[in-house]
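Student: Once you've had a glance at the structure underneath, I'll fire off some questions.
Rule-based calculations on the coordinates, nothing more; no lab input. Remember, it's a predicted structure, so these values are computed and weren't measured experimentally. Here Cβ is always computed from backbone atoms with ideal geometry, including for glycine, and neighbour counts include all displayed protein chains.
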Amino acid sequence: MSQVTTLLQTSQQQAEKQEASLVASGCSSLAKAYPDYVFGEDFKFAPIRESIVARAMIKRYWKDLETYAESDIVIVGAGSAGLTCAYYIGTRRPDLKIAIIEAGVAPGGGAWLGGQLMSAMVVRKPADAFLNEIGVPYEDEGNYVVVKHAALFTSTIMARALSLPNIKLFNATAVEDLIVKEDEKGEQRIAGVVTNWTLVSLNHGTQSCMDPNTLNAHVVVSATGHDGPFGAFCVKRLAKAKLIPALGDMRCLDMNRAEDHIVKGTREIYPGLIATGMELSEVDGRNRMGATFGAMMFSGVKAAQTALSIFDERRALNEKLEGVHH
Ligand SMILES: Cc1cc2nc3c(=O)[nH]c(=O)nc-3n(C[C@H](O)[C@H](O)[C@H](O)COP(=O)(O)OP(=O)(O)OC[C@H]3O[C@@H](n4cnc5c(N)ncnc54)[C@H](O)[C@@H]3O)c2cc1C
């Protein structure tokens, strides 16, 4: 008998034991809900040709790029604020096409841990309401709640957002610039993003010329986090292009002032562009907050509400000036 078969049989015996104990404890319906997996000597995956795997990925990816070249809303950055914003818009407006552009291979931003590499995530009330909506369990500590693993929140909001049919995540893709259009009165507005593979973005200095790609959108939400190699990208770009005054730069830590401001300050900072999450502390010169995450969730919700409140007007303006594009 092979070692693998022995292991499989052992785990089957364990599963049987577990099922028996569930039956004994009156949870037999729960036990029955789980499928059984049997890996015998004749176990085999269904056959496949390598080119089929390649084509399955290629045709979907290029179709997605084609579909989302005209997006309704683009969200830059898949951290806690960006994912929350995407989930909120995606659930409330299933008719809108939402593209998330994330520079990293792994979405989630800085919300995989609490503070200083510790697992738990602190969320101040009333942001526990959002945890209730997405179904993340927590311990209630009075004024605040604690999620056992920050990763549990991050993986749940990611799953909730990415399983929606009207949301597409393009990861390993960096926003390198913004599309800026002018209306009849000469007023400028943001109308999309300029992207490139992150690996290309990081290597512009080693290539002579590598042109980017573009996504048009009626509204862009920027959720790129604190300043850093990729962070605070859109507000830095706006400031460099002299479209907004110089950045205020993030100030020292004060949890109370910081979280309230991030939520209250979430807004359209330039026509067509909404800033959310820690990117706001850079543009407004506000405090950092330490390891407490309710503001990221509620700022994402407010960014979504703001996006929806300006969306029809922005779309009407864009369509009047440039025609209807899908
Ligand atoms: C300097 C610094 C200080 C911090 N201080 C604190 C603190 O005091 N307390 C605390 O809890 N946490 C802190 N963090 C961690 C973390 O940033 C925040 O806790 C929180 O996760 C911010 O959420 P967010 O959604 O605004 O941004 P993030 O979680 O940072 O997510 C931003 C996402 O945008 C992506 N992105 C950035 N630029 C681009 C681009 N051009 N194109 C596409 N995607 C892009 C990033 O890859 C990332 O996934 C700090 C991080 C840094 C770098």
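Student: Is the C-alpha gyration tensor of region 188-326 telling us rounded, prolate or oblate? Criteria: a/c under 1.5 is rounded; beyond that, a/b larger than b/c is prolate, otherwise oblate.
Tutor: oblate
Student: Right, here's the next one. At a 10 angstrom cut-off on C-beta neighbours, averaged per residue, how do the peptides 163-174, 38-49, 85-96 rank from highest to lowest?
Tutor: Per-residue Cβ counts within 10 Å, averaged per peptide and sorted highest first, yield 85-96, 163-174, 38-49.
Student: Among Y34, A258, A307, which residue has its Cα furthest toward the positive end of the charge dipole of the chain, with +1 on Lys/Arg Cβ and -1 on Asp/Glu Cβ?
Tutor: Working it through, the farthest residue towards the positive pole turns out to be A307.
Student: For S119 and A316, what does the FRET efficiency come to when R0 = 45 Å and r is the distance between their Cβ atoms, rounded to the nearest 0.05?
Tutor: Efficiency, from the Cβ-Cβ distance: 0.45.
Student: I want to check the label-to-label distance for N166 and N213. Put each point 7 Å from Cα in the C-beta direction and report it in nm to one decimal.
Tutor: My value for the distance between the label points is 2.3 nm.
Student: Give me the dipole magnitude in Debye, nearest 20, for region 72-321 about the Cα centre, with unit charges on the beta carbon: positive for Lys and Arg, negative for Asp and Glu.
Tutor: In debye, rounded to 20, region 72-321 gives about 60.
Student: Related question: Report, in degrees rounded to the nearest 10, the 0 to 90 angle that the Cα long axis of helix 3-24 makes with the longest principal axis of the chain.
Tutor: 90
Student: Starting from the 7 Å offset along Cα-to-Cβ, what nm value, one decimal, do you get for the label separation of Y34 and K242?
Tutor: Roughly 6.5 nm, to one decimal.
Student: What angle do you read, to the nearest 10 degrees and between 0 and 90, between the alpha-carbon axis of helix 50-68 and the longest principal axis of the chain?
Tutor: 30
Student: Would you calculate, for the chain, the mean residue ellipticity at 222 nm contributed by helices, counting each DSSP H stretch of 4 or more residues as -39,500 (n - 2.57) and dividing by all residues, to the nearest 500?
Tutor: -13000 deg cm²/dmol
Student: Between region 89-163 and region 225-264, what is the C-alpha centre distance in whole Å?
Tutor: What the calculation gives is 21 Å, centre to centre.
Student: Rounded, prolate or oblate: which one fits region 126-236, using the alpha carbon gyration tensor with axes a ≥ b ≥ c (rounded when a/c is under 1.5, else prolate when a/b beats b/c, else oblate)?
Tutor: The shape class here is prolate.
Student: Another question about this same structure. Past 26 Å, Cα to Cα, is the threshold; run K59/K97; K125/K168; K97/K181 against it and keep the listed order.
Tutor: Table pairs above 26 Å Cα-Cα are K125/K168.
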